[in-house]
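Everything on this sheet refers to the single structure shown next.
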């Protein structure tokens, strides 16, 4: 017996409105040029069990570009981390490494805080 799909691709299960049309979300967020990005780099250990995390915030652009930047930074620092809520978190105190990488790759306005 095949399983019936109870919802459409947009996640809607059922609507009582006969004229209901699901609106597609379009992501038309364009990235600022690399040299115009104002990134802030800081270290934090709050709510992490005493573990130190380097936080990069201030990126403006689509989520996929942020995830790509996060992946490149984690790879360069050879550590783990995550990208969520518009913030890149890299494990450990890597402020200097990240600042050097960002400046080398054209992010001229990266600031340590």
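The values are calculated or read from the model by the stated rules, or taken from the named source; none is laboratory data. Just so it is clear, the model here is predicted, and its values are computed rather than measured. Don't worry about glycine lacking a Cβ; one is built from the backbone with ideal geometry, like all the others, and counts go over all protein chains shown.
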Original post:
Is it true that some residue in segment 78-88 is surrounded by 15 or more Cβ atoms within 10 Å (Cβ to Cβ) and either modelled with pLDDT under 90 or assigned to a loop (DSSP other than H, G, I, E, B) (or both)?
Top reply: yes
**OP:** Test residue 38 against the criterion of being in a helix (DSSP H, G or I) and under 17 Å from the mean Cα position of the chain (by Cα), and give yes or no.
**Re:** no
